[in-house]
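Peer 1: Just passing along the structure, written as structure tokens.
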Amino acid sequence: MGVALRDIIAPYKHPAESQDLTGVASVDAFNALYQFLSIIRQPDGTPLMDKEGRITSHLSGIFFRTTNFLQQGIQPVWIFDGKPPELKARTIGERRAVREEAQEKWDQAKREGDTAGAFRYAMASSKLDDEVLSSARNLLDLLGIPVINAPSEGEADASNMVRTGVARYVASQDYDTLLFGAPLLVRNLTVSGKRRSHGRMVNVLPETVVLDDVLTGLNLTREELIDVAILVGTDFNEGAVGVGAKTALKKIKAGEFKEVVALKLPDIDPEPIRNFFLNPPVSGNYPIEWKKPDHDRIISFLCGDYGFSEDRINPVLEKISGRGKQRTLDSWF
DNA sequence: CGACACTA
DNA sequence: TAGTGTCGG
């Protein structure tokens, strides 16, 4: 879900120039996988599946997006979540409840012939199970994409990688990475930059958010931005009822953080939450190396194991490893 | 989501 | 060739 800071951060978002996107991108793996699982579905919400009923939506998303990135000079590193902090237990429980309810509503909508509703509930029922996670890791490995296993929140390590100069930016839809101190966040990181179907056709272009611009523009320290987030609600605490980003910002500016917490969030202790954003557990060790995509094993994995059509996969692999753009790609490996 | 076919 | 729709697994 992420923290609802969009209303105050929106003025500091910039459309990304393609040169801003080249280089090492720390991809928030869970964020990307949820996106693929949610959206890559049939109109009634049924995900892509192989003959045995295993979900393959994420494999399609990973394959086509990654091969696009490599051609465009983007070097992705995928950062996977480790063990969630105890502070996150409430959020995890809530998400499970929402997911399970969506599952039921999806079935119901399908029975009633409510296609649009079915799609919406199907999206909300998306779950990253072991099968999805391990097949995603398998495919990334075959594509030669490095993977980092965060000890805790992937967003924390992804942000730390940018802070320490290992990566140029974090690729995520969520603003939480700014709280973790990521100097540069890129949202909607896709190369096709096209539009989206289902409902309206909207142009979705990559956008960058520079943490320093946000802090300078709002005249906040990062600690204060974290306090704004705590009032709104984060993965580690429920927010104050009726307090959105703009109200929270006003309260912080007025120096009323403690008062709002005492009045509206009497059960939360802000200190461990602040501390988690400021000093999260991170790996700090990022041995990243890109390898050439393993053409034969990718075919065997996607087409042999998961029923993808060779006619769709082969041309893409030939495009990235064949003569045409080889020079560009070879310079990284 | 992203590829591809089709249309004007 | 830009816009629109459909398919993929």
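The values are calculated or read from the model by the stated rules, or taken from the named source; none is laboratory data. Because the structure is predicted, anything quoted here is derived from the model rather than measured. Cβ placement follows ideal geometry from the backbone for every residue including glycine, while neighbour counts extend to all protein chains displayed. The accessibility values were calculated without ligands, DNA or RNA, using every heavy atom of the protein model including side chains. Shrake-Rupley method; radii C 1.70, N 1.55, O 1.52, S 1.80 Å.
Peer 1: Any residue that is at pLDDT 95 or above, open to solvent by less than 30 Å² (accessible area, probe 1.4 Å), touching an Asp or Glu at 6+ places or on another chain (Cβ under 6 Å) and more than 25 Å from residue A:151 (Cα to Cα) - is there at least one of those in the range A:38-57?
Peer 2: Yes: the range A:38-57 contains one or more residues that are at pLDDT 95 or above, open to solvent by less than 30 Å² (accessible area, probe 1.4 Å), touching an Asp or Glu at 6+ places or on another chain (Cβ under 6 Å) and more than 25 Å from residue A:151 (Cα to Cα).
Peer 1: Does residue A:278 qualify as being loosely packed, with under 15 Cβ neighbours inside 10 Å and of a type outside the set (D, E, K, R)?
Peer 2: yes
Peer 1: Provide a single number: the residues in the range A:277-288 that are under 21 Å from the mean Cα position of the chain (by Cα) and farther than 30 Å from residue A:225 by Cα.
Peer 2: Residues meeting the conditions: 1.
Peer 1: Another question about this same structure. Restricting attention to the range A:41-66, which residues are without any contact (Cβ under 8 Å) to a residue 40 or more places away in the chain and more than 9 Å from DNA strand B (Cβ to nearest atom)?
Peer 2: Scanning the range A:41-66 gives A:49, A:52, A:53.
Peer 1: Could we say that residue A:127 is part of a helix (DSSP H, G or I) and within 26 Å of residue A:47 (Cα to Cα) here?
Peer 2: no
Peer 1: When the residues of the range A:102-130 are filtered to those that are aliphatic (A, V, I, L, M) and more than 22 Å from residue A:33 (Cβ to Cβ), which remaining residue is least open to solvent (accessible area, probe 1.4 Å)?
Peer 2: So the residue we want is A:109.
Peer 1: For the range A:144-165, indicate whether the set of residues that are over 19 Å from the mean Cα position of the chain (by Cα), open to solvent by less than 50 Å² (accessible area, probe 1.4 Å) and under 30 Å from residue A:291 (Cα atoms) is non-empty.
Peer 2: Checked the range A:144-165: at least one residue is over 19 Å from the mean Cα position of the chain (by Cα), open to solvent by less than 50 Å² (accessible area, probe 1.4 Å) and under 30 Å from residue A:291 (Cα atoms).
Peer 1: Now for a separate question. Which condition from (1) within 16 Å of DNA strand B (Cβ to nearest atom); (2) within 25 Å of residue A:182 (Cα to Cα); (3) in contact with a Gly (Cβ under 6 Å, 6 or more places away or on another chain) is the one that residue A:75 breaks?
Peer 2: Only one criterion is unmet by residue A:75, namely (3).
Peer 1: Can you tell me which residue within the range A:63-74, out of those that are buried (at least 19 other Cβ atoms within 10 Å of the Cβ) and more than 11 Å from DNA strand C (Cβ to nearest atom), is nearest to residue A:319 (Cα to Cα)?
Peer 2: Ranking the qualifying residues of the range A:63-74, first place goes to A:67.
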